[in-house]
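Everything below concerns the one structure shown next.
Where a number appears in this text, it was derived from the coordinates with a stated rule and is not lab data. Values in this document were obtained by computation on a predicted structure and should not be read as measured data. Backbone-built Cβ (ideal geometry, glycine too); neighbour counts: all protein chains shown.
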């Protein structure tokens with residue numbers, strides 16, 4: 001396989017990982033624990049997810065990821081995430097990416113109300129593992145106005 005072919009394959013795997021992340025999160029209110037376990041598979045065991053601007057904390061490893069997304073699944077009735085404008089830089093077995101995020105959700109307390117909106121960016125890092133690309137770092141930059 002040529003270097004260019006490998007780069008294209010790596011690029012698509014990283015994109016798919018982010019798309020799966022959004023798809024899994026969108027279905028957490030319905031899938032619960034099974035979805036949370038699928039979510040953890042996208043991350044390294046020691047992944048750091050910086051949600052300081054959204055949840056007020058950074059998650060460290062799969063146990064923290066499980067805890068936070070259990071709370072999210074219990075609180076939200078409906079979620080929708082869209083990621084656009086990927087900028088992905090691959091260097092050997094490491095990669096960095098930036099994405100624009102537009103997300104909507106409704107809480108269980110007002111499931112038929114107007115959705116909460118989030119606009120921002122994700123800044124991510126990935127590593128190549130024996131099981132494909134896994135995300136090792138995630139930073140959510142909340143750019144929502146009027147909050």
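Compute the angle between helix 61-75 and the longest alpha-carbon principal axis of the chain, please, reported from 0 to 90 degrees and rounded to the nearest 10.
The angle comes out at about 30 degrees.
How far apart, in nm, are two points set 7 Å out from the Cα along the Cα-to-Cβ line at residue 127 and at residue 45?
Using points 7 Å along Cα→Cβ, the separation is 1.1 nm.
Using alpha carbons only, how many angstrom separate the centre of the stretch 77-142 from the centre of the stretch 1-33?
Using only Cα atoms to place each centre, the spacing works out to 11 Å.
Ratio of the chain's C-alpha Rg to 2.2 N^0.38 Å, to two decimals?
Against the compact-globule rule of thumb, the ratio is 1.06.
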